[in-house]
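The values are calculated or read from the model by the stated rules, or taken from the named source; none is laboratory data. Just so we're clear, the structure is a prediction, and the values are computed from it rather than from any experiment. Don't worry about glycine lacking a Cβ; one is built from the backbone with ideal geometry, like all the others, and counts go over all protein chains shown. Please note that ligands, DNA and RNA were not included when accessible areas were found on the heavy atoms of the full protein model with its side chains. Shrake-Rupley method; radii C 1.70, N 1.55, O 1.52, S 1.80 Å.
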Amino acid sequence: NHILKWLLPLTGGDVALLHFVLFIVVHIATFLAFYILAYQIFNTHRAAFFALALLGFSFPLIGYISIWDSVLMERTVALPILLFSLVFTIRKQWLWVVLLQGVAFNIHPLSSLYFISCSWLGVLVAQGVRWRTIAYWPLLLFIMAPVLYFKAKHSTGDDPLGFSENWMQVMLLRNAHHTFPSSFPLIDFIKAALVTLAYFIVIQSSLIDKF
């Protein structure tokens, strides 16, 4: 909201125009990130364009979230930032990785937390514990600190990062299809398993540096 207040004068106070401009910018950044990521992996523009074409056939998976969305929300703003952090992960430019992941976490902590956890787990599995790499973690935590502090100060549970029973009941009623695996339809798990299988097949034939 504060960022929108700062940007609003650029559109003469027109909220709808600002929303539209941000929508266009965010989605261009998302498609560009997918293109660069595909090119980084396969080292061919043909594969990068093919990746963009496949985005037109995206569908919801576990948590009923698509790989990209035609709306402007916090998670759609965070998505291109996280994708670019993955590009820099492949390039092993760790400073850019933690800077982008930290910014994305402050925009949408939930999706960023999943992404950050999986990306760093992948790094550790691929190259093991290298102190020159994990030395960047304190900087990442520092950038994430505002959201972590806010959550600790406004916790609804018994511990600083916990949730109360009432809050979980509200989530069950409002966001069960996003939050509770027991509410996910079987077909979503099947689709996710097939996508995971396809990922490993594709990545084995890629030109990516395996660290």
| request: Being at pLDDT 75 or above and under 23 Å from VAL103 (Cβ atoms) is the filter here, so list the residues in segment 153-177 that pass it. | output: LYS153
| message | Any residue that is closer than 30 Å to THR44 by Cβ, at pLDDT below 85 and open to solvent by less than 40 Å² (accessible area, probe 1.4 Å) - is there at least one of those in segment 197-206? | response | yes
| message | Where the second residue is modelled with pLDDT under 90 and the first is loosely packed, with under 14 Cβ neighbours inside 10 Å and lies in segment 114-128, which pairs have Cβ atoms under 8 Å and are six or more apart or on separate chains? | response | ALA126/LYS210; ALA126/PHE211; GLN127/THR133; GLN127/PHE211
| If you go through segment 135-144 one residue at a time, do you hit one that is at pLDDT below 90, out of contact with any Cys (no Cβ under 8 Å at 6 or more places or on another chain) and either of a type in the set (Asp, Glu) or open to solvent by 30 Å² or more (accessible area, probe 1.4 Å) (or both)? | no
| Pick from segment 75-103 the residues that are under 15 Å from TYR136 (Cβ atoms) and of a type in the set (Gly, Ala, Ser): which of them is surrounded by the fewest Cβ atoms within 10 Å (Cβ to Cβ)? | GLY102
| Meets criteria (open to solvent by less than 40 Å² (accessible area, probe 1.4 Å) and under 30 Å from SER183 (Cβ atoms)) for GLY56 | no
| query | If the Cβ limit is 6 Å and pairs must be 6+ apart or interchain, which residue in segment 5-22 that is surrounded by 14 or more Cβ atoms within 10 Å (Cβ to Cβ) pairs with which residue that is not aliphatic (A, V, I, L, M)? | reply | LEU18/THR11
| note | Cβ pairs under 9 Å, 6+ apart or interchain, first in segment 157-173 and open to solvent by 70 Å² or more (accessible area, probe 1.4 Å), second of a type in the set (D, E, K, R) and at pLDDT 60 or above, ordered by first then second residue, are PRO160/LYS151; PRO160/LYS153; LEU161/LYS151
